[in-house]
Structure formats: structure tokens, C-alpha cells
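Rule-based calculations on the coordinates, nothing more; no lab input. Given the structure is predicted, the values throughout are model-derived calculations rather than measurements. So basically every Cβ, Gly included, is an ideal-geometry build from the backbone, and we count neighbours across all protein chains shown.
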């Protein structure tokens, strides 16, 4: 065979092989593969986003999310993540996430404004906590007077709050207003020091305490944020400041999920700004008293970490770059192989970057359910899900 023909044939086979490998990567990676995609909730009248999941001991799965009118579809308006009619709702599944209740149950409607990102955590005794935060719709002249408030007219920030359920999410107590963290230099829509807040998963440690990574802004003009740790010994009723997780002169840190490894390290997976959309990883080896952070060397945001029964950690994240979608990695029990762990492309058919915010839960059969919000061809934002098999 002439050399040139052999060379061309080798190149064709190489490209074909790479294409097949890339296609397989979207279905399977290392010890993971996607089984199916599902629709958890969709209604063309509503902009549904920012889900979280809880797997109950009886096998029931709860999916909480933020629902607001789709003003683009209804009234030729625009799309926004802040809305005065943004409420926290949930739906349920009793068959491992395959089908869901049609009509959402109301978790909470904030009396002063719209709410965001209901982030649930289930404690060992079955108690469910749900954190959120809100935005108040104010007259433009009032927003202008709130010089130290995070705002984008006509909305001003309300700060965080916590809800608690003792009956599987059927009823909710609260809101519990968490304390202000001194590192935060902003005020809320009432002109008071802003209550602690965060989007991301808090965790219950081996010691029974709750650990919560919260975001602090230096001021409304600087737009520079750091992440700090709060702890609670009474199921979220009161909180104590534990210390700094991460801050930097250039990079900002915010939406953070926590996990505790088998050996007792507390690992924080943080979204960043001014850091090329890289994951930042904070680690504490002394029970949360101190942290060191480093570049996680992967791209995406935000992150959710689910600890599996064998100690490995399933890390899932949104991918707001072409091709838009959802991705995941299966980490070792000590979470030291983040960048090296093979990446599973769960979805790459998103219409644009307005999607993601995934959350994972372990199903009774050992599979993993991932919930996220999604759009295709810039259509209605809905709550989608994918079932992942892990070997």
C-alpha cells in the first residue's frame, strides 16, 4: 500500500475512532452510565428552575424548585431570575423518579418578595431543612436610597431564610432567619444587616451538627464575595460562626455544596467568578476550624456532591458553555482526584446557558437521580432529570 494512502487511511480510522469514543463518553464514563432522561415538572406558563432533591427512607423522592410566571411566554416580557411571584414548590415520586405528581405543593411564598433556590437537606432523624433567599420588588426611588444593598432595580436583596419540616415536606415551619455574618458589608431591602444565605447543599456531619457554607459580599459596589462556615447543633434553629472557607483578592466564591469524607475531611465545592469558571475546592482536616482552597481544575457551575454508600463522591455540575448541558464525575472517597476523574456528559442538548443547577439523590436501587433545570432551543425552562447507574 502506498505510504500516502496508508497515511490517509490511518487518519480516517483515527478520526472515526475518536468520534465513536466521544459519543460513548456521553453515555458512559468509567463506572457510570446514563440510563434515562425524565421530565420532573414542566408547565409552559411557568419558568421553573433551581431544583433540589431529598430521598426519603420510605423510597419517596421529593423535588423542590423555584416557580415563577414565564413572562416571556405570557406577556411578551423577558426572562429573569428575580420575580415578585417566584415561589418555592415541590413534587413527589414514588417510583424511583420515573413519574412525578402533576400539581406542585407550595412550600413557601415570601410575604415581602420572590424566593430563590430551595436547597433541601435531610437529617438522620428525617427532619428536612430548606434554605432559600429572596428579592423584594421596590419603587425605583427606594432602591436608590439603599446604597449598601445588593440590588438591580427594581429589586433589592432580602437575604436568607430557612424552613423546616418534620413530616416529609407536607408542612413547613418558619421562616427561621439566620444571623448576619460580619464579613458581609451589605444590608437587606429593609436597611438591616443582610441575613446569611447561600445556594448549595449544607450537610450533617458525623458529630450530628449541621454545616452550612454561606456567601458574604464586601459591599454592593465591589461585587467581591467570600465563603464562610456556619454550624448548628439544634436542627438549624440557631447558628454559630465557625470561620472562613475561602477568599481571594481577585477571584470570588459563592454557591457552595459541602460533603464530609470517610476520613473526616470537610470538602467545599465552590462556584467562582473572575476565575475562568473553574471549580474552587476548599478542604478542612480539623472539623471545619480552618480551610485551604485550591483550583479544582475543571470547568462548570454550580456543583452538588453526593456521598455514596461506599464512600465515593458523585459530583455533578452545570456546563454553561457549548455544548450546553449537565456533567458529572465520580470521585474517590477522599476527593483528591477531581481533575483526573473521567467526566460523564449527562446532557449536551441544551438550548443556551440558562440551565443547570443540578442536584443528586441516591435511589433505593442504588442508582442516582440527578435533577436540573433545562431548556431546549431557548424554550420553556423546565425541571428535568436523569437516572445514572454507578458500578
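Here are the numbers:
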{"quantity": "Residue exposure sequence - 209, 66, 72 - by fewest surrounding Cβ within 10 Å", "calculated": "72, 209, 66"}
{"quantity": "Crossing angle, helix 3-25 versus the chain [Cα axis fit, 0-90 degrees, rounded to tens]", "calculated": "30"}
{"quantity": "For peptides 236-245, 125-134, sequence by mean Cβ density within 10 Å, most packed first", "calculated": "125-134, 236-245"}
{"quantity": "Structure-based [θ]222 nm, the chain - -39500 (n - 2.57) summed over DSSP H runs of at least 4, per residue, nearest 500", "calculated": "-2500 deg cm²/dmol"}
{"quantity": "Kirkwood Rh in Å, taken over all unlike Cα pairs in the range 63-113", "calculated": "12.5"}
{"quantity": "Förster-model FRET efficiency, 25 Å R0, residue 105 and residue 37, C-beta, rounded to 0.05", "calculated": "0.55"}
{"quantity": "Per-pair calculated FRET efficiency, R0 = 51 Å: residue 95 and residue 222 via Cβ, rounded to 0.05", "calculated": "0.60"}
{"quantity": "20 Å binning of all Cα-Cα separations within the chain, expressed as whole percents from 0 upward", "calculated": "28, 59, 11, 2, 0"}
{"quantity": "Relative packing of 40-50, 73-83, which averages over residues the other C-beta atoms within 10 Å, highest first", "calculated": "40-50, 73-83"}
{"quantity": "Protection proxy ranking, peptides 175-182, 110-117, average beta carbon neighbours within 10 Å, highest first", "calculated": "110-117, 175-182"}
{"quantity": "Two-site label geometry, residue 367 and residue 294: point separation in nm, points 7 Å out along Cα→Cβ", "calculated": "3.6"}
{"quantity": "Cα-derived Rg to Rh of the range 306-360, Kirkwood definition", "calculated": "1.03"}
{"quantity": "Separation in nanometres of the label points that stand 7 Å from Cα toward Cβ, at residue 250 and residue 321", "calculated": "1.7"}
{"quantity": "Sequence of 263, 271, 164 once ranked by neighbouring C-beta atoms within 10 Å, starting from the fewest", "calculated": "263, 164, 271"}
